[in-house]
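Asks: Have a look at the structure that comes next, please.
The values are calculated or read from the model by the stated rules, or taken from the named source; none is laboratory data. Treat the numbers as computed from the prediction; the structure is a model and nothing was measured. Heads up, the Cβs are rebuilt from the backbone with ideal geometry, glycines too, and the neighbour counts pull from every protein chain shown.
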Amino acid sequence: MVKYGYIILILLFVSCHTTKTTQSYKNKHYQNYHPTKILILGVTPNLEAKTIYESELKKALTKRNMEAFEASEVLSPSFSANKQGEIAIEEEVKNLKTLGFDAIIMAAIKGFDEKIPFGGAIFKLDDSFYGFENYYFLNQDIYYNRDYYNKYKVFHLEVSLYNLTSKNEKALVWIGTYDIVNPQKIKETIKKCVRKILKSLDKEDLINESY
(Lines give C-alpha, C1' and ligand atoms only; values in the text may rest on other atoms or scores of the structure.)
Protein backbone atom coordinates (compact mmCIF):
# COMPACT_ATOMS: atom_id res chain seq x y z
CA MET A 1 0.00 0.00 0.00
CA VAL A 2 2.96 2.29 0.60
CA LYS A 3 3.81 2.45 -3.09
CA TYR A 4 0.29 3.66 -3.96
CA GLY A 5 0.45 6.40 -1.37
CA TYR A 6 3.75 7.49 -2.89
CA ILE A 7 2.26 7.62 -6.40
CA ILE A 8 -0.72 9.70 -5.22
CA LEU A 9 1.65 12.09 -3.41
CA ILE A 10 3.57 12.64 -6.65
CA LEU A 11 0.35 13.36 -8.54
CA LEU A 12 -0.74 15.89 -5.95
CA PHE A 13 2.63 17.60 -6.21
CA VAL A 14 2.46 17.78 -10.00
CA SER A 15 -1.00 19.33 -9.85
CA CYS A 16 0.35 22.21 -7.74
CA HIS A 17 2.01 25.23 -9.33
CA THR A 18 5.51 24.61 -10.67
CA THR A 19 7.66 26.26 -13.34
CA LYS A 20 10.00 24.08 -15.38
CA THR A 21 12.64 25.10 -17.92
CA THR A 22 12.06 23.15 -21.12
CA GLN A 23 14.63 24.72 -23.45
CA SER A 24 17.47 27.24 -23.42
CA TYR A 25 19.23 28.16 -26.67
CA LYS A 26 22.03 30.70 -27.10
CA ASN A 27 23.20 31.95 -30.48
CA LYS A 28 26.80 30.78 -30.94
CA HIS A 29 27.73 34.21 -32.36
CA TYR A 30 27.08 35.83 -28.97
CA GLN A 31 29.45 33.93 -26.69
CA ASN A 32 30.80 37.12 -25.09
CA TYR A 33 27.66 39.23 -25.32
CA HIS A 34 26.56 41.19 -22.24
CA PRO A 35 23.79 43.79 -22.69
CA THR A 36 24.10 47.00 -20.70
CA LYS A 37 20.77 48.77 -21.23
CA ILE A 38 17.81 46.47 -21.67
CA LEU A 39 14.10 46.97 -22.32
CA ILE A 40 11.74 44.48 -20.66
CA LEU A 41 8.57 43.69 -22.57
CA GLY A 42 5.77 41.40 -21.49
CA VAL A 43 3.34 40.59 -24.29
CA THR A 44 -0.03 39.76 -22.74
CA PRO A 45 -3.53 41.27 -22.65
CA ASN A 46 -3.45 40.83 -18.86
CA LEU A 47 -2.21 44.25 -17.70
CA GLU A 48 -1.64 43.07 -14.12
CA ALA A 49 0.55 40.17 -15.24
CA LYS A 50 2.47 42.42 -17.64
CA THR A 51 3.12 45.04 -14.96
CA ILE A 52 4.27 42.51 -12.35
CA TYR A 53 6.54 40.67 -14.79
CA GLU A 54 8.25 43.81 -16.07
CA SER A 55 8.63 45.21 -12.56
CA GLU A 56 10.02 42.01 -11.01
CA LEU A 57 12.55 41.42 -13.80
CA LYS A 58 13.61 45.07 -13.72
CA LYS A 59 14.31 44.88 -9.98
CA ALA A 60 16.30 41.67 -10.43
CA LEU A 61 18.45 43.05 -13.25
CA THR A 62 18.98 46.38 -11.48
CA LYS A 63 20.40 44.49 -8.50
CA ARG A 64 23.00 43.12 -10.91
CA ASN A 65 24.12 46.63 -11.89
CA MET A 66 22.31 46.56 -15.21
CA GLU A 67 20.20 49.36 -16.66
CA ALA A 68 16.74 47.90 -17.10
CA PHE A 69 13.48 49.60 -18.00
CA GLU A 70 9.89 48.45 -18.16
CA ALA A 71 8.23 48.82 -21.55
CA SER A 72 5.57 51.05 -19.98
CA GLU A 73 8.33 53.51 -19.02
CA VAL A 74 9.60 53.86 -22.57
CA LEU A 75 7.06 52.79 -25.19
CA SER A 76 3.98 54.87 -25.89
CA PRO A 77 0.70 53.36 -24.60
CA SER A 78 -0.59 53.16 -28.19
CA PHE A 79 2.28 50.83 -29.16
CA SER A 80 0.96 48.01 -26.98
CA ALA A 81 -2.69 48.94 -27.26
CA ASN A 82 -2.77 48.68 -31.06
CA LYS A 83 -1.48 46.09 -33.49
CA GLN A 84 1.66 47.44 -35.16
CA GLY A 85 2.94 46.91 -38.71
CA GLU A 86 6.56 46.03 -39.48
CA ILE A 87 7.45 49.62 -40.42
CA ALA A 88 6.09 50.98 -37.12
CA ILE A 89 8.02 48.32 -35.18
CA GLU A 90 11.23 49.16 -37.05
CA GLU A 91 10.75 52.85 -36.23
CA GLU A 92 10.31 51.97 -32.55
CA VAL A 93 13.53 49.92 -32.61
CA LYS A 94 15.38 52.89 -34.11
CA ASN A 95 14.00 55.07 -31.33
CA LEU A 96 15.16 52.60 -28.69
CA LYS A 97 18.66 52.60 -30.20
CA THR A 98 18.66 56.40 -30.12
CA LEU A 99 17.82 56.20 -26.40
CA GLY A 100 20.84 53.96 -25.85
CA PHE A 101 19.13 50.58 -25.56
CA ASP A 102 21.26 47.69 -26.80
CA ALA A 103 18.87 44.83 -26.01
CA ILE A 104 15.26 43.89 -25.52
CA ILE A 105 13.94 40.87 -23.63
CA MET A 106 10.42 39.81 -24.51
CA ALA A 107 8.15 37.27 -22.82
CA ALA A 108 4.94 35.82 -24.22
CA ILE A 109 2.62 32.94 -23.41
CA LYS A 110 2.57 30.88 -26.62
CA GLY A 111 -0.29 28.57 -25.67
CA PHE A 112 -1.37 26.02 -23.10
CA ASP A 113 -2.34 22.38 -22.73
CA GLU A 114 -5.08 21.00 -20.53
CA LYS A 115 -4.00 17.94 -18.56
CA ILE A 116 -5.97 15.34 -16.62
CA PRO A 117 -3.85 13.53 -14.02
CA PHE A 118 -4.78 9.97 -13.14
CA GLY A 119 -5.83 9.93 -9.50
CA GLY A 120 -5.86 6.19 -8.83
CA ALA A 121 -3.44 3.38 -8.28
CA ILE A 122 -1.24 2.45 -11.23
CA PHE A 123 -0.91 -1.25 -12.01
CA LYS A 124 2.41 -2.88 -11.27
CA LEU A 125 3.50 -6.39 -12.25
CA ASP A 126 3.57 -7.33 -8.55
CA ASP A 127 -0.17 -6.65 -8.36
CA SER A 128 -0.84 -9.85 -10.26
CA PHE A 129 -0.10 -11.76 -7.05
CA TYR A 130 -2.88 -9.99 -5.13
CA GLY A 131 -5.75 -10.83 -7.48
CA PHE A 132 -8.97 -9.06 -8.38
CA GLU A 133 -9.97 -8.20 -4.80
CA ASN A 134 -6.92 -5.99 -4.23
CA TYR A 135 -7.15 -4.32 -7.62
CA TYR A 136 -10.86 -3.52 -7.23
CA PHE A 137 -10.33 -2.27 -3.67
CA LEU A 138 -7.71 0.22 -4.88
CA ASN A 139 -9.76 1.50 -7.82
CA GLN A 140 -13.36 1.59 -6.57
CA ASP A 141 -13.18 5.29 -5.67
CA ILE A 142 -13.80 6.01 -9.35
CA TYR A 143 -17.48 5.30 -8.67
CA TYR A 144 -17.83 7.83 -5.87
CA ASN A 145 -15.33 10.63 -6.42
CA ARG A 146 -16.50 13.23 -8.94
CA ASP A 147 -13.09 14.92 -8.73
CA TYR A 148 -11.19 11.73 -9.51
CA TYR A 149 -9.76 13.34 -12.61
CA ASN A 150 -8.77 16.94 -11.89
CA LYS A 151 -8.00 19.04 -14.93
CA TYR A 152 -5.14 21.52 -14.80
CA LYS A 153 -3.43 23.73 -17.37
CA VAL A 154 0.17 23.90 -18.47
CA PHE A 155 1.07 27.29 -19.97
CA HIS A 156 4.02 27.56 -22.37
CA LEU A 157 6.11 30.68 -21.77
CA GLU A 158 8.66 31.83 -24.34
CA VAL A 159 11.30 34.43 -23.43
CA SER A 160 13.66 35.84 -26.04
CA LEU A 161 16.60 38.25 -25.89
CA TYR A 162 17.47 40.38 -28.92
CA ASN A 163 20.54 42.45 -29.69
CA LEU A 164 19.50 45.89 -30.97
CA THR A 165 23.01 47.05 -31.90
CA SER A 166 23.60 44.39 -34.54
CA LYS A 167 23.37 45.25 -38.21
CA ASN A 168 20.59 42.72 -38.22
CA GLU A 169 18.12 44.48 -35.91
CA LYS A 170 16.24 41.23 -35.40
CA ALA A 171 19.33 39.35 -34.14
CA LEU A 172 18.30 36.68 -31.66
CA VAL A 173 20.79 36.23 -28.82
CA TRP A 174 18.96 33.74 -26.63
CA ILE A 175 15.59 32.05 -26.27
CA GLY A 176 14.23 30.09 -23.33
CA THR A 177 10.97 28.19 -22.95
CA TYR A 178 9.20 27.29 -19.74
CA ASP A 179 6.18 25.25 -18.69
CA ILE A 180 4.05 26.86 -15.98
CA VAL A 181 1.96 24.14 -14.37
CA ASN A 182 -1.40 24.96 -12.84
CA PRO A 183 -0.74 28.62 -11.92
CA GLN A 184 -2.88 29.94 -9.07
CA LYS A 185 -1.71 33.37 -7.85
CA ILE A 186 -0.39 35.76 -10.51
CA LYS A 187 2.29 37.49 -8.43
CA GLU A 188 3.68 34.30 -6.92
CA THR A 189 3.70 32.57 -10.31
CA ILE A 190 5.52 35.44 -12.02
CA LYS A 191 8.13 35.69 -9.27
CA LYS A 192 8.93 32.00 -9.76
CA CYS A 193 9.12 32.52 -13.53
CA VAL A 194 11.51 35.44 -13.12
CA ARG A 195 13.79 33.31 -10.94
CA LYS A 196 13.82 30.63 -13.64
CA ILE A 197 14.58 33.19 -16.35
CA LEU A 198 17.45 34.65 -14.32
CA LYS A 199 18.84 31.17 -13.75
CA SER A 200 18.82 30.54 -17.51
CA LEU A 201 20.47 33.89 -18.29
CA ASP A 202 23.08 33.19 -15.62
CA LYS A 203 23.82 29.77 -17.04
CA GLU A 204 24.27 31.23 -20.53
CA ASP A 205 26.51 34.00 -19.11
CA LEU A 206 24.32 36.81 -20.46
CA ILE A 207 23.88 38.91 -17.30
CA ASN A 208 26.10 40.17 -14.51
CA GLU A 209 26.66 37.96 -11.50
CA SER A 210 24.45 38.39 -8.46
CA TYR A 211 25.94 40.49 -5.65
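Asks: Which residue, of Gly111, Gly100, is modelled with pLDDT of 70 or more, farther than 28 Å from Ile180 by Cα, not aromatic (Phe, Trp, Tyr) and not in a helix (DSSP H, G or I)?
Replies: On the way: Gly111 fails: farther than 28 Å from Ile180 by Cα.
Only one candidate passes the filter, namely Gly100.
Asks: Residues Lys83, Lys50: which one is more than 19 Å from Lys203 (Cα to Cα), part of a loop (DSSP other than H, G, I, E, B) and among the basic types (Lys, Arg)? So that I can check it myself, show each step before the final result.
Replies: Working: Lys50 fails: part of a loop (DSSP other than H, G, I, E, B).
Every option except Lys83 fails the conditions.
Asks: Can you spot a residue in segment 114-124 that is at pLDDT 80 or above and within 18 Å of the chain's Cα centre (by Cα)?
Replies: The initial filter retains those residues of segment 114-124 that are at pLDDT 80 or above, namely none.
Within segment 114-124, not a single residue is at pLDDT 80 or above and within 18 Å of the chain's Cα centre (by Cα).
Asks: Confirm whether Ser200 is crowded, with 18+ Cβ neighbours inside 10 Å and either out of contact with any strand residue (DSSP E or B) (no Cβ under 9 Å at 6 or more places or on another chain) or of a type in the set (Ser, Thr, Tyr) (or both).
Replies: Working: crowded, with 18+ Cβ neighbours inside 10 Å: yes; either out of contact with any strand residue (DSSP E or B) (no Cβ under 9 Å at 6 or more places or on another chain) or of a type in the set (Ser, Thr, Tyr) (or both): yes.
Yes: the conditions hold for Ser200.
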